[in-house]
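*Asks:* The structure's right below; bear with me while I get my questions together.
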Amino acid sequence: MEIVGQLQKQYVDFINSLFREGYLDDQYVQLQKLQDDSNPEFVVEVVSIFFEDSEKLLNDLASSLQQQVVDFKKVDGYVHQFKGSSSSVGAQRVKNACVAFRNFCDEKNLDGCSRFLNLVKQEFYLVKNKLETLLRLEQQILQAGGTVPLIE
Amino acid sequence: MSLFHAIGFGLKVGYQLFMLCCWFLSLISLNLLSNGGVMTTKTGWLGDGGRIWMKLWDLILESGCKFHHHYSQYIGSKKVRKNWWRKLLWAWIVFWILASIWVFWYMNSQAYEKRKEALASMCDERARMLQDQFNVSMNHLQAMSVLISTFHHGKNPSAIDQNTFARYTERTAFERPLTSGVAYAVRVLHSEREQFETEQGWTIKRMDNVEQTPVHEDEYDPADLEPSPVHEEYAPVIFAQDTIAHVISVDVLSGKEDRENVLRARELGKGVLTAPFPLLKTNRLGVILTFAVYKSDLPPYVTPIERIQATAGYLGGVFDIESLVEKLLQQLASKQTILVNVYDTTNISHPISMYGSNTSPDGLHHICALNFGDPFRRHEMHCRFKQKPPWPWVAITTSIFILVIALLMGQIFHATMNRIAKVEDDYHKMMELKKRAEAADVAKSQFLATVSHEIRTPMNGVLGMLQMLMDTDLDETQQDYVRTARDSGKALVSLMNEVLDQAKIESGKLELEAVCFDLRGILDDVLSLFSGKLQEKGVELAVYISDKVPEILVGDPGRFRQIITNLMGNSIKFTEKGHIFVTVHLVEEVAESMVVETESPSSGTLSGLPVADRRRSWEGFRIFNQEGSTTSLSSSLTDQINLIVSVEDTGQGIPFEAQSRVFTPFMQVGPSITRTHGGTGIGLSISKCLVHLMKGEIGFVSSPQIGSTFTFTAVFTTGCSGLNDQKSQQINNQPSPISSEFQGMRALLVDPTPVRAQVSKYHIQRLGIHVEVIHDLNNIEVGNTIIDMVFIEQEVWHKDLGLSTLVANKLNRTNCKVTTPKVFLLSNAIRSTRANFSASGVSTPFVIMKPLRASMLAASLQRAMGVGNRVNYRNGESLSNLLRGRKILVVDDNRVNLRVAAGALKKYGADVVNAERGKEAISLLTPPHHFDACFMDIQMPEMDGFEATKRIRDVELSINNRLQRGELSLEAYKNVSNWHVPILAMTADVIQATNEACQKCGMDGYVSKPFEAEQLYREVSRFLRTESNEDSWEGFSD
């Protein structure tokens, strides 16, 4: 039980730091709430879909921006999608980056787009890292026989 | 736009000016030309000129029209027009320069013509006169020749001698105005010479060499002349006028000129003229007219030889042209104006000047032919003006005048053009600025949308948590706190909406709902929203709604609430003591009371402090000023409810100078107000707009340091249909404030202030409790009636603690047989209450915090009287009720979003099917299908939500039509004849998802992403309930 308590504390600290530093927002909590007995793997499922989709989107974005003639509408579509999925999982910083990214798309500013692609990528890998850590912690708590504490 | 108008106006003015100038110019020119026409007596010209000008005028008009045309055509393209203008200007200037030159030339030539004609007429006149006089002289000479032939040759001895001749000629000299002398030479043959010479006593002398050696007059002596040499015949002068007596005895035939003359005269039988030659003795230029005198009358047709034979002598008249013409011209006036030259032009190449000085022949001159009766000789008269022609000042001034006018007009044009160009530049600048301002406006709205969205998300968290907290088992106070917290949170959200509203109002996009709502409930909500604040301040807040106002009204509760909130919020800001009192009446009621005018305004206020006379706040309202409108209002529109709402406060009031701009957006009384009280200053302007949308009016009265009263009217309707009734519940999803558990109870209310008593009574009565009001504790009469509760104003209670105790005891004692009446204190401020209670030794009665409102009152009573806790209706549960077992299609291209949305819906028990594409959704939703609803993302690649919905609706429509026509069997379509699956849009963008956009493509509504339970519930319940209202309704009616 000692381990569970420790893990739980670690988990709470970690997730709080994520909130504090703005990696995650309330939407993640909402996600967690949607997870119940009938759907125990919900968060993991959603987050992994998010990872998969996002990596694909990032690849698409990168290749779109390397075209001779950049189709900004297409890029904008990708970014929009990315923004949607990131806001759904509560990856706030990615979302914010996406919002700014879209402005450059509107302006058809290739430099800005490239810069923001890197930023979005960076933010995404950061949050991915964090989320993976978070989920691993959850897993460990569960394995140790504890319950994941709910964050309000 | 107004700028555009200004340009148009400027142009118009310019054009009018242009027309005026043209008119003026044409008038001047016409005048000038018509004058000229009269002078030159060319009558036809005037018409011509007029016609020309009319044509020109037409041309100008046409060009004006063209100009207009061009203007409208090129209004967009500045440069083209500018060039066009410039060209026009240059053309104008060049045209008028040419025109003025032409005018100058024309007038000058006219003057020249005139001068020429004057000269001609003068010249002609002189020539005619000269000729006439010459003819007269000639005729007389001819007569004299007859005289001589008759009296000299016809008589023998001759009747004429030199003396007779001289005397006669002298006396008849006036008859021959041009002759200076007359002489008669007789024809003498050589054979007769000697006899003749002896007869006369002198020898015939020759004259030819005399001419070559001109001598002085005085020295001239005929005797010095040489005798004539021998010739075949001679023509010695025998008679002569005295003036030329020196020629007697001179042989005329010896002179070269005379000889020719004489020979020609006798041949022709007419007067002939010599070429001008210097006369004998005087040596002046002269001509000699010679007539032949015949011996006998000649028949009309005789040969020249016969004439020669018949010649007896020659009569010569000397014309001293020079002096004679001089004399003649002197007789005529205006000799000084013209110079006259007379020439003998028999030999055209060498005209011989007979008269006149030899001036240079340049300049204007006129030539008149002179006929002196000698066909052999030709004479001409040349006339010219002495002076040079004067400068044509009229022409010069006229043309310069025209030019100046034209240039001035050009200047006007130029100025206008520049002005227009400037205005246009300004206009473009303004357009640019406008564009930028609009862009800024768009940015502002976007910013607002973003901010509101961003604030909504955390607020949803707060509100959701509060909602959940309310679901837990709380005691009444806690529940009230939570509700207040939640309501305040909602108010914050609504504040955000307010900012959005301002933007919407500004763009005229705001529309009002028409749903059923409970006015009292709304006011309770507002009250609870503000109660916390006011309790701290100790300001009393109260609401009174007239009994005549119906329970349920149809209108826009949100907006109504917004107005009330704004007004109250405003009042609260500026009120530190006293009260804020909201009253709702029917307009009819107020109008009646106004007519009766019974109540004095100062009869008492809620807190006893003076207030502004609220009636003055609606003085300006149309509804009261219409003559006899009140009766017609109430009778004609039966289901129309005219509410009049007043918010009265005892705050610091509005300074008079600021009262005029109270309803102007972002205007506050002063910067210090903003600093001390905060706020945006748009609340009142929004309120005003909203009131106008509700067909009402808003007004206020305010006295500084006394308070303000805002009053507005609004038009609602009654008569909720059943469906609307349900709608009203979802908006107002609170427990029905009037609960039946207190129905029929009796209560006693102790309050000395009638107004306050009325308010308290109103609230208590809402719970179904019968209320009796007394003004004093002493008056408590506990009779036979059973009293369940006693409400006592706090101030009454504390005024006299002893009495209070007594009364409490009395109450306890008397009613012990049934139930002790509960004593409640109606209190305003928390602190004072507590303090006083600690001091008092009596059993503490329950304290009910003001402001009174039905729900809170009921809760307090429940707690005090131990009536069982009611099970609160919960959103989550009802959502589950609604969604459990429903088959719902969620369409979103974003897998993450899809998964989350599906998860949320699943949580409420729905059976969720996912689709990632619009096309998939179309195929899934093609009837027959089992879906109860569909949530669709709007922004999707390939096919967006709007498009997909449109297609689904199309498919549904065609199937419905075919089903109706019986082309498809109903069995195959589950006996549903009208397929319409509810489709809700999911969107993260609040602005984009306007209702109309959704409805336009057949969507039933929209929910924001991520899902918000309340909104989700509201939207879903709209269409899912109809199918299962039995069970889902359970939640409300328990």
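*Asks:* Please go through the range B:409-446 and pick out each residue that is more than 20 Å from the chain's Cα centre (by Cα), free of Cβ contacts under 8 Å to residues at least 12 places away in the same chain and under 26 Å from residue B:103 (Cβ atoms).
*Replies:* Passing the criteria: only B:411.
*Asks:* Please go through the range B:248-287 and pick out each residue that is under 21 Å from residue B:373 (Cα atoms) and assigned to a helix (DSSP H, G or I).
*Replies:* Once the filter is applied, which keeps residues that are under 21 Å from residue B:373 (Cα atoms) and assigned to a helix (DSSP H, G or I), the range B:248-287 yields B:257, B:258, B:259, B:260, B:261, B:262, B:263, B:264, B:265, B:266, B:267, B:268.
*Asks:* List, please: which pairs have Cβ atoms under 8 Å, are six or more places apart or on different chains, and start with a residue in the range B:99-127 that is closer than 29 Å to residue B:326 by Cα and end with one that is part of a helix (DSSP H, G or I)?
*Replies:* B:114/B:39; B:126/B:328; B:126/B:329
*Asks:* Here's another thing I want to ask about it. Given (1) surrounded by fewer than 20 Cβ atoms within 10 Å (Cβ to Cβ); (2) in contact with a Gly (Cβ under 9 Å, 6 or more places away or on another chain); (3) farther than 19 Å from residue A:32 by Cβ, where does residue A:101 come up short, assuming only one miss?
*Replies:* (1)
*Asks:* I'm trying to understand the selection: among the residues of the range A:51-67, which are in contact (Cβ under 8 Å) with a residue 60 or more places away in the chain and within 11 Å of chain B (Cβ to nearest Cβ)?
*Replies:* Answer for the range A:51-67, where residues must be in contact (Cβ under 8 Å) with a residue 60 or more places away in the chain and within 11 Å of chain B (Cβ to nearest Cβ): A:51, A:54.
*Asks:* Select from the range B:451-485 the residues that are more than 12 Å from chain A (Cβ to nearest Cβ) and among the polar types (S, T, N, Q) and write down the one among them that is surrounded by the fewest Cβ atoms within 10 Å (Cβ to Cβ).
*Replies:* Within the range B:451-485, the match that is surrounded by the fewest Cβ atoms within 10 Å (Cβ to Cβ) is B:472.
*Asks:* Can I ask one more? Among A:120, A:12, A:46, A:70, which is the only one that is surrounded by 14 or more Cβ atoms within 10 Å (Cβ to Cβ), closer than 30 Å to residue B:462 by Cβ, more than 9 Å from chain B (Cβ to nearest Cβ) and in contact with a helix residue (DSSP H, G or I) (Cβ under 9 Å, 6 or more places away or on another chain)?
*Replies:* Values: A:12 fails: in contact with a helix residue (DSSP H, G or I) (Cβ under 9 Å, 6 or more places away or on another chain); A:46 fails: more than 9 Å from chain B (Cβ to nearest Cβ); A:70 fails: closer than 30 Å to residue B:462 by Cβ.
Unique residue meeting the criteria: A:120.
*Asks:* Any idea which residue in the range B:767-795 is modelled with the lowest pLDDT, counting only those that are acidic (Asp, Glu) and not in a loop (DSSP other than H, G, I, E, B)?
*Replies:* Ranking the candidates gives B:795 first.
A quick yes/no check of all residues on (1) more than 10 Å from every other protein chain (Cβ to nearest Cβ); (2) modelled with pLDDT of 85 or more; (3) on the phi > 0 side of the Ramachandran plot:
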{"position": "A:8", "(1), (2), (3)": "yes, no, no"}
{"position": "A:17", "(1), (2), (3)": "yes, yes, no"}
{"position": "A:29", "(1), (2), (3)": "no, no, no"}
{"position": "A:32", "(1), (2), (3)": "yes, no, no"}
{"position": "A:38", "(1), (2), (3)": "no, no, no"}
{"position": "A:42", "(1), (2), (3)": "no, no, no"}
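*Asks:* Sort through B:316, B:373 and tell me the only one that's at pLDDT 80 or above and either assigned to a loop (DSSP other than H, G, I, E, B) or under 28 Å from residue B:247 (Cβ atoms) (or both).
*Replies:* B:316
*Asks:* While we're looking at this one, here's another question. Quick check on my filter: what residues within the range B:995-1012 are within 15 Å of residue B:946 (Cβ to Cβ) and at pLDDT below 70?
*Replies:* If the condition is that a residue be within 15 Å of residue B:946 (Cβ to Cβ) and at pLDDT below 70, then B:995, B:996 are the ones that fit.
*Asks:* When you check residue B:958 against the structure, is it surrounded by fewer than 16 Cβ atoms within 10 Å (Cβ to Cβ), away from chain A (no Cβ under 14 Å), modelled with pLDDT of 80 or more and over 30 Å from residue A:44 (Cα atoms), yes or no?
*Replies:* Considered against the rule, which asks whether it is surrounded by fewer than 16 Cβ atoms within 10 Å (Cβ to Cβ), away from chain A (no Cβ under 14 Å), modelled with pLDDT of 80 or more and over 30 Å from residue A:44 (Cα atoms), residue B:958 comes out as yes.
*Asks:* Let me ask another. Are any residues in the range B:466-479 under 26 Å from residue A:92 (Cα atoms) and modelled with pLDDT under 80, and if so, which ones?
*Replies:* B:467, B:468
*Asks:* Taking the stated definitions as given, is residue A:137 in a helix (DSSP H, G or I), away from chain B (no Cβ under 14 Å) and modelled with pLDDT of 85 or more?
*Replies:* yes
*Asks:* Okay, moving on. I want to confirm something. Restricting to the range B:555-606 and keeping residues that are within 19 Å of residue B:545 (Cα to Cα) and among the acidic types (Asp, Glu), which single residue is modelled with the highest pLDDT?
*Replies:* B:556
*Asks:* Which of the residues that make up the range B:526-546 are in contact (Cβ under 8 Å) with a residue 40 or more places away in the chain and of a type outside the set (A, V, I, L, M, F, W, C)?
*Replies:* First, pick out the residues of the range B:526-546 that are in contact (Cβ under 8 Å) with a residue 40 or more places away in the chain: B:526-532, B:534-546.
Passing the criteria: B:528, B:531, B:532, B:535, B:536, B:537, B:538, B:540, B:544, B:546.
*Asks:* It is to be established whether one or more residues within the range B:566-589 are touching an Asp or Glu at 6+ places or on another chain (Cβ under 8 Å) and among the acidic types (Asp, Glu).
*Replies:* no
*Asks:* Here is a follow-up. Pull up the range B:894-923, narrow it to residues that are closer than 15 Å to residue B:946 by Cα and buried (at least 23 other Cβ atoms within 10 Å of the Cβ), then point me to the one that is modelled with the lowest pLDDT.
*Replies:* Checking each candidate, the answer is B:918.
*Asks:* Could we say that residue B:416 is surrounded by 16 or more Cβ atoms within 10 Å (Cβ to Cβ), of a type in the set (Ser, Thr, Tyr) and either closer than 30 Å to residue A:31 by Cα or modelled with pLDDT of 90 or more (or both) here?
*Replies:* no
*Asks:* Also, quick follow-up: Need pairs with beta-carbon distance below 8 Å; first residue at the interface with chain B (Cβ under 7 Å from one of its Cβ atoms) and within the range A:79-90, second among the charged types (D, E, K, R) and assigned to a helix (DSSP H, G or I); sequence gap 6+ or separate chains.
*Replies:* A:80/A:102; A:81/A:53; A:85/A:53; A:85/B:895; A:87/A:95; A:88/B:899
The values are calculated or read from the model by the stated rules, or taken from the named source; none is laboratory data. Every value quoted in this text rests on a predicted model; they were computed, and no experiment measured them. Because the Cβ atoms are built from the backbone with ideal geometry, glycine has one as well, and the counts that use them run over all protein chains shown.
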